[in-house]
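First the structure, in the form of structure tokens, and then the observations on it.
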Amino acid sequence: MKTLSLLSILLLIFATSCKNTERNDKPTITVTIEPLRYFTEAIAGDKFNVVSMVPEGSSPETYDPTPQQMVNLSKSTAYLRIGHIGFEQSWMDKLQENLPKLRFYDTSIGVNLIHQQCSHSHIRQEDENHSHGVEPHIWNSPENAKIIADNVYKALEELDNKNSEYYKNRLDSLIRVIDQTNEEIQSIIEHADKTFLIYHPALTYFARDYGLEQISIEEGGKEPSPAHLQALIKLCREKNAKVIFVQQEFDMRNAEAIAKELKVKVIPVNPLNYNWTEEMINTAKALCTNNDTTIQK
């Protein structure tokens, strides 16, 4: 998608603002991705509308906003970023410069970030869109989710202090849901495979939380070379990795080629799913799918 020109954005904002349209009484908060919308809506309740910039099914590493999204953003009360994802690295400075009255909040503050300086050559997690070598998929972790939720609460409290108790009660309810999710995952992981393959390394924090090993098919954020694919096949045989995860926004062909060679299944996952709890639990269950089989040598 082509990058928007500043002139076209400003003209569209002006044209839309001149129309006599009905306004929703509730203020709007914009967030980067669907999982962050889940956390924000859980705490905001009926006090705010919450919308995502990156639609589900699009890559938050490369997505460019539409002109209409820019118009809508100009009417938002605040923007909550997930932290270090590619979309934010490309667009945050532009958005803050062009919308100086919009309040921005970083929900990754306080997260113990993983920096992509991997000591094992087979795990290639560098990505030119990721800021300063930070692994950006922080939301795929119950531990991080609680920190994100607390940051969302602090933002809402600052934006609407008169409803602070309302937001605190909803935060407490969300934390209980996150803790219950963590407990269920822990019980599942006891019987799960400890090594898994994934096209784009979006489950790094999930792997850290539960003592798992993630192997990425991507090579430096790019399509893997034939030599890299052969090395991955050899590594998976050595580690008896029987689960290959794929995401809908990426090409499945390389994952399918590896699966065919190893005689294992490709399992779809959606780390950008709005239904955070459901996705986390389903990911854990998927690691148990093939634990009664052995990779074909």
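The values are calculated or read from the model by the stated rules, or taken from the named source; none is laboratory data. What you see is a predicted model, and the numbers here were worked out from it, not measured in a lab. Every residue, glycine as well, gets a Cβ built from its backbone with ideal geometry; the counts of neighbours run over all protein chains shown. We work out accessible area using only protein heavy atoms, side chains counted, and drop any ligands, DNA or RNA first. Shrake-Rupley method; radii C 1.70, N 1.55, O 1.52, S 1.80 Å.
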Worksheet item: Residues in segment 72-94 that are open to solvent by less than 20 Å² (accessible area, probe 1.4 Å) and within 25 Å of Gln116 (Cβ to Cβ): how many?
Response: 9
Fill in: Selection within segment 171-192 - open to solvent by less than 20 Å² (accessible area, probe 1.4 Å) and either in contact with a strand residue (DSSP E or B) (Cβ under 7 Å, 6 or more places away or on another chain) or not small (Gly, Ala, Ser) (or both)
Leu171, Leu174, Ile178, Thr181, Ile185, Ile189
Worksheet entry | Residue match in segment 221-238 (condition: closer than 27 Å to Ile85 by Cα, among the aliphatic types (A, V, I, L, M) and open to solvent by 10 Å² or more (accessible area, probe 1.4 Å)) | yes
Fill in: Qualifying positions in segment 67-89 - under 16 Å from the mean Cα position of the chain (by Cα) and either of a type in the set (Gly, Ala, Ser) or over 25 Å from His137 (Cβ atoms) (or both)
Gly83, Gly86
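Quick one: how many residues across segment 46-82 are among the hydrophobic types (A, V, I, L, M, F, W, C) and part of a loop (DSSP other than H, G, I, E, B)?
The total comes to 4.
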Worksheet, complete the sentence: Going through (1) in contact (Cβ under 8 Å) with a residue 40 or more places away in the chain; (2) open to solvent by 50 Å² or more (accessible area, probe 1.4 Å); (3) more than 19 Å from Asn273 (Cα to Cα) one by one, Glu143 fails only at (3)
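Would you confirm whether or not segment 216-230 contains a residue that is among the β-branched types (Val, Ile, Thr) and either within 17 Å of Glu256 (Cβ to Cβ) or not in a helix (DSSP H, G or I) (or both)?
Taking every residue of segment 216-230 in turn, at least one turns out to be among the β-branched types (Val, Ile, Thr) and either within 17 Å of Glu256 (Cβ to Cβ) or not in a helix (DSSP H, G or I) (or both).
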Worksheet item: Does Tyr167 satisfy the condition of being open to solvent by less than 10 Å² (accessible area, probe 1.4 Å), farther than 24 Å from Ser59 by Cβ and assigned to a helix (DSSP H, G or I)?
Response: yes
Worksheet item: Out of all the residues in segment 34-65, which are open to solvent by 10 Å² or more (accessible area, probe 1.4 Å) and of a type in the set (S, T, N, Q)?
Response: Asn49, Ser52, Ser58, Ser59, Thr62
Response to the item:
Looking across segment 83-115 at residues that are assigned to a loop (DSSP other than H, G, I, E, B) and in contact with a His (Cβ under 7 Å, 6 or more places away or on another chain), the single one that is modelled with the lowest pLDDT is His84
Worksheet, complete the sentence: Over segment 231-280, the set of residues closer than 24 Å to Pro35 by Cα, part of a helix (DSSP H, G or I) and touching a Pro at 6+ places or on another chain (Cβ under 8 Å) is Trp276, Glu279, Met280
Discussion item. Checking the condition within 18 Å of Thr107 (Cβ to Cβ) and of a type in the set (Ser, Thr, Tyr), which residue from Thr66, Thr77 passes?
Written reply: Thr77
Item to complete: Would you be able to tell me the number of residues in segment 200-217 that are open to solvent by 10 Å² or more (accessible area, probe 1.4 Å) and closer than 18 Å to Glu183 by Cβ?
Response: 5
Practice prompt. Please list, ordered by first then second residue, the pairs with beta carbon atoms under 9 Å, 6 or more apart or interchain, first in segment 253-277 and touching a residue at least 24 places away in the same chain (Cβ under 8 Å) and within 12 Å of Cys236 (Cβ to Cβ), second assigned to a loop (DSSP other than H, G, I, E, B) and aromatic (Phe, Trp, Tyr).
Written response: Ala255/Tyr199
